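The values are calculated or read from the model by the stated rules, or taken from the named source; none is laboratory data. Every value quoted in this text rests on a predicted model; they were computed, and no experiment measured them. Because the Cβ atoms are built from the backbone with ideal geometry, glycine has one as well, and the counts that use them run over all protein chains shown.
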Amino acid sequence: MDDKIKEGVALLKHQIISPVLMDSGAAQMAYFQKMSQKIFDVPGRGPRQYRASTMRLWLYAYRKKGFQGLIPKTRKDRGDFRVLSIDLKNQIRLLRQEHADLSCVKFYDRLIISKTLGAPPVGMETVRRFLKAEGLYKKRTATPRKRFEMRYFGELWTTDFMHGPHLFDGKRKRRAILMAIIDDHSRMIVGHAWGWAENTKLLENVFKEAILAHGLPDRIYCDNGAAFSSHYLTLVSANLGIGVVHSKPYDSPSRGKIERFFRTVRQNFLPDIKESDESWTLAKLSEAFAIWIRNYHQRPHSGIQMRPIDRHQLSVRNYPRKRVDEETLEEHFLVTTHRSVGKDSTVSLNSTVFEVPPQFIGQRVELKFSQDRPGDVFLYDNGLRLSKILPVDAQLNGQIYKPSPRISDVALHTTFRKTGEPS
């Protein structure tokens, strides 16, 4: 850390403690507790949060040493590795020479397996910094990239998930997840939604919204996450005639446009979200984000030197996209599964027992259901929808059930009627 950055950090500390220089006790602590909820842009370190106890130590240091007490100190053993002994350093050097082709992560795993790092083991970041200091770090060859842009709206949609703020879901807090789709040509956000998990249910909601509003894209570009690599998305895309392209693992720069959009969300939208405010629910977050997106489309985009909404309209005017009606789209987004029909003419799905026509007893049938309405289950035969199946109503079945008499009982009853007494 150079002197200019140190001075900037000290000025920030002084700015934080200035309002309570003359206060003490409860008022002082209440102020520090409030400030501990805020995120500060620290010179040379980026966004940081500080504890109230840390701020109080700054105040004590300032009262004792003045402004010099706020300037960050340089470690006397800077550049050294205190947790690595001389013997351990030598062992790491020797092993690295033997396995110079391994990445840092795989090399660290080998150190763990060989128990070289002791117990508890030295952290991977320490090993990584040591290898860099020794010139033993494996440098990756930079992949040459060229800036690209599709010629028309809908040629390529890029999608990804972004982790957002922690919000109240009932009495507990959960991290909100944003899924968004950006059109490569216009930079329009064609679909977006906030949810609680990176799953196919959130994916379905966003893609249906995007396709109904803007038509079918030619291709979608995504990473290798579980939702995007799922059989569900592959099947839906194949049925709709959409190509799916996956980026290389850990190659987020290849999805630069959506990553740049998420950066804008973090910088311009998320700072207004108060995680400590219980009124900020997922519904309120979604509503506020929808308004923010409309304004985003109306502002000039530096990448295209015009508004996304204008570029979108210019493109679709000359190259309109293929449309699909909502009923057909719903059909394509149904989840397909197969179940064997039991002797009681039932199947179990989503923790519910459903009744199917008796002619399918002993057969394996095809079922489809919507992730939004898992109780709406449909029976298919050779790809054709036959009917909607309903959960078993045991009490109704009990009212119409008539047990069949055994043959021996029938014979006994017939003999008694003829002779007047059992034979």
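Restricting attention to the stretch 302-323, the residues that are part of a loop (DSSP other than H, G, I, E, B) and not β-branched (Val, Ile, Thr) total 9. Per the listing Glu278, Glu259, the residue uniquely in contact (Cβ under 8 Å) with a residue 24 or more places away in the chain and outside any helix (DSSP H, G or I) is Glu278. Checked against the criterion of being surrounded by 15 or more Cβ atoms within 10 Å (Cβ to Cβ), of a type outside the set (D, E, K, R), part of a strand (DSSP E or B) and more than 33 Å from the chain's Cα centre (by Cα), the candidates Leu386, Leu367, Leu390, Leu379 yield just one match: Leu386. Within the stretch 176-200, residues that are part of a strand (DSSP E or B) have Cβ atoms under 8 Å from residues that are surrounded by fewer than 22 Cβ atoms within 10 Å (Cβ to Cβ) and among the basic types (Lys, Arg) in these pairs: Ile182/Lys257; Gly195/Lys201, counting only partners at least 6 apart in sequence or on another chain.
Residues are listed down the side, and each one gets a yes or a no for (1) at pLDDT 90 or above; (2) of a type in the set (S, T, N, Q); (3) outside the structural domain of Gln267 (by TED's automatic domain parsing):
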site	(1), (2), (3)
Pro144	no, no, yes
Phe168	no, no, no
Ser186	yes, yes, no
His192	yes, no, no
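Among the candidates Ala52, Ala61, the residue that is over 38 Å from the mean Cα position of the chain (by Cα) and at pLDDT 85 or above is uniquely Ala61. Which of the residues spanning the stretch 166-188 are surrounded by fewer than 20 Cβ atoms within 10 Å (Cβ to Cβ) and of a type outside the set (Lys, Arg)? Selection gives His166, Phe168, Asp169, Gly170, Ile177.
Of all residues in the stretch 216-272, those satisfying the criterion of being out of contact with any helix residue (DSSP H, G or I) (no Cβ under 6 Å at 6 or more places or on another chain), on the phi < 0 side of the Ramachandran plot and aromatic (Phe, Trp, Tyr) are Tyr221, Phe228, Phe261, Phe262.
For (1) under 15 Å from Leu178 (Cβ atoms); (2) at pLDDT below 90; (3) β-branched (Val, Ile, Thr), each residue gets a yes or a no:
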residue	(1), (2), (3)
Thr234	no, yes, yes
Asn239	no, yes, no
Val244	no, no, yes
Tyr250	no, yes, no
Phe269	yes, no, no
Ala290	yes, no, no
Asn295	no, no, no
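Within the stretch 201-259, being closer than 29 Å to Lys146 by Cβ, acidic (Asp, Glu) and in contact with a strand residue (DSSP E or B) (Cβ under 8 Å, 6 or more places away or on another chain) holds for Asp218, Asp223, Glu259. Within the stretch 16-32, residues that are free of Cβ contacts under 8 Å to residues at least 40 places away in the same chain sit with their Cβ atoms under 9 Å from residues that are hydroxyl-bearing (Ser, Thr, Tyr) and surrounded by fewer than 16 Cβ atoms within 10 Å (Cβ to Cβ), at 6+ positions apart or across chains, in these pairs: Phe32/Ser53; Phe32/Thr54. If only residues of the stretch 1-32 that are of a type in the set (Ser, Thr, Tyr) and either more than 14 Å from Ser53 (Cβ to Cβ) or modelled with pLDDT under 80 (or both) are counted, the one that is surrounded by the most Cβ atoms within 10 Å (Cβ to Cβ) is Ser18. Of the residues in the stretch 339-354, none is among the β-branched types (Val, Ile, Thr) and closer than 27 Å to Phe261 by Cβ.
Being closer than 18 Å to Ile5 by Cα and in contact with a Gly (Cβ under 7 Å, 6 or more places away or on another chain) is a description that applies to Pro43. Within the set Pro308, Pro271, Pro374, the sole residue that is within 27 Å of the chain's Cα centre (by Cα), surrounded by 17 or more Cβ atoms within 10 Å (Cβ to Cβ) and not charged (D, E, K, R) turns out to be Pro308.
State which residue is nearest to Gly66 (Cα to Cα) when the search covers only the stretch 3-34 and only residues that are under 38 Å from the mean Cα position of the chain (by Cα) and small (Gly, Ala, Ser). The residue in question is Ala10.
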